[in-house]
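First up is the structure itself, then whatever we jot down about it.
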Amino acid sequence: MSVKELARTGGIAGNGSRSGPGRRAGLLGALALTAALGGCGSTEPSYYGLVVAPGQPQPSLLVTLPQYRVIEVRMPSLPMRLDRDTIVMGSKDFKLNLARGTSWNEPPANLIGGTLVQDLQQRLPGSVVYLQDSAVTTPPQSYVDLSINQFESLPDGRPVITGILSIRKGGILPQPACSQLLRWSSPQPVSTAQALVAALSQGMGYVADQAIVALRGLNSCPSTGSTKPVSELQKALTQAVQVTTAASEPGN
């Protein structure tokens, strides 16, 4: 309520209807209330970002396998429930649990993609690794696609990353992709947004390691017919997530 509104409702009389100490006290009280309300509305959230999880550098791969020399990480896809500024702690009893007062320091897809780029760069020294739509003009020799399904905590508090990882060759014409289920979970439960972000950063290091393994087999994967269509992988992933989530519910 503004000072003028308080005056109209009798909290502070206008046009000289009240004067002296009583009026000054009412005015000071109204100003204090206005300041308090303004302060609550301007509280800044705590901003968090993922960090690189160091791995084992493998510079020799650039010599034996050309697909490691220039890699484009495609912009990851996320479900709408995770594609938000506020950090999602997880889901329980049909309710989405948000870490109130927290926020990612950039859009989640950009953050996950950029962290994967940094993790790959650290593991593949000498490679050119960049995120889709960046200013790099060098044509990629391979692509890394990541479709995220979970990037949160299970009901028992353990952080988890699930999704589908797809690798394909670069080139002018579309190339077949080698896709696989991706699943990582932390053995330790977390209870705060900061601990969750730290654990998910470690999980992104695992994602980078799996991408390197998949790139190593890129030349043979599409021709063997061993990879399943993404639709089948997504169905299998959904079933696995449901089983794991149910098992992590307290009392199971």
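Points worth noting:
- Subset of region 103-113 (residues that are open to solvent by 20 Å² or more (accessible area, probe 1.4 Å) and more than 22 Å from S191 (Cα to Cα)): E106, P107, N110
- When region 137-154 is filtered for residues that are in contact (Cβ under 8 Å) with a residue 40 or more places away in the chain and over 17 Å from M204 (Cβ atoms), the ones remaining, listed by number, are T138, P139, P140, Q141, S142, Y143, L154.
- Criterion: of a type outside the set (G, A, S), surrounded by fewer than 18 Cβ atoms within 10 Å (Cβ to Cβ) and either in a loop (DSSP other than H, G, I, E, B) or at pLDDT below 95 (or both) - qualifying residue of L31, L50: L31
- Restricting attention to region 123-137, the residues being among the aliphatic types (A, V, I, L, M) and open to solvent by 20 Å² or more (accessible area, probe 1.4 Å) number 4.
- Look at region 80-102: where a residue is open to solvent by less than 40 Å² (accessible area, probe 1.4 Å) and a partner is part of a strand (DSSP E or B) and among the acidic types (D, E), sitting 6+ places away or on another chain with Cβ atoms under 6 Å, you get V88/E152; G90/E152.
- Condition broken by D209, with the remaining ones in (1) within 20 Å of L65 (Cα to Cα); (2) at pLDDT below 85; (3) open to solvent by 40 Å² or more (accessible area, probe 1.4 Å) satisfied: (2)
- The set of residues in region 59-78 being farther than 21 Å from G217 by Cβ and open to solvent by 40 Å² or more (accessible area, probe 1.4 Å) consists of M75, S77.
- Test: D156 is within 16 Å of G113 (Cα to Cα) and among the acidic types (D, E): no
- Within region 65-118, the set of residues being in contact with a helix residue (DSSP H, G or I) (Cβ under 8 Å, 6 or more places away or on another chain) and among the basic types (K, R) comprises R69, R74, R84.
- Members of region 149-174 that are more than 25 Å from K95 (Cβ to Cβ) and either open to solvent by 70 Å² or more (accessible area, probe 1.4 Å) or hydroxyl-bearing (S, T, Y) (or both): S166, K169, I172, L173, P174
- Among residues of region 175-206, those that are in contact with a strand residue (DSSP E or B) (Cβ under 7 Å, 6 or more places away or on another chain) and open to solvent by less than 20 Å² (accessible area, probe 1.4 Å), counted: 10
- S142 touching a strand residue (DSSP E or B) at 6+ places or on another chain (Cβ under 8 Å) and more than 16 Å from A193 (Cβ to Cβ): yes
The values are calculated or read from the model by the stated rules, or taken from the named source; none is laboratory data. Computed from a predicted model, the values in this text were never measured in an experiment. All Cβ positions, even for glycine, are placed from backbone atoms using ideal geometry, and neighbour counts span all protein chains on display. SASA here: full protein model, heavy atoms, side chains in, ligands and nucleic acids out. Shrake-Rupley method; radii C 1.70, N 1.55, O 1.52, S 1.80 Å.
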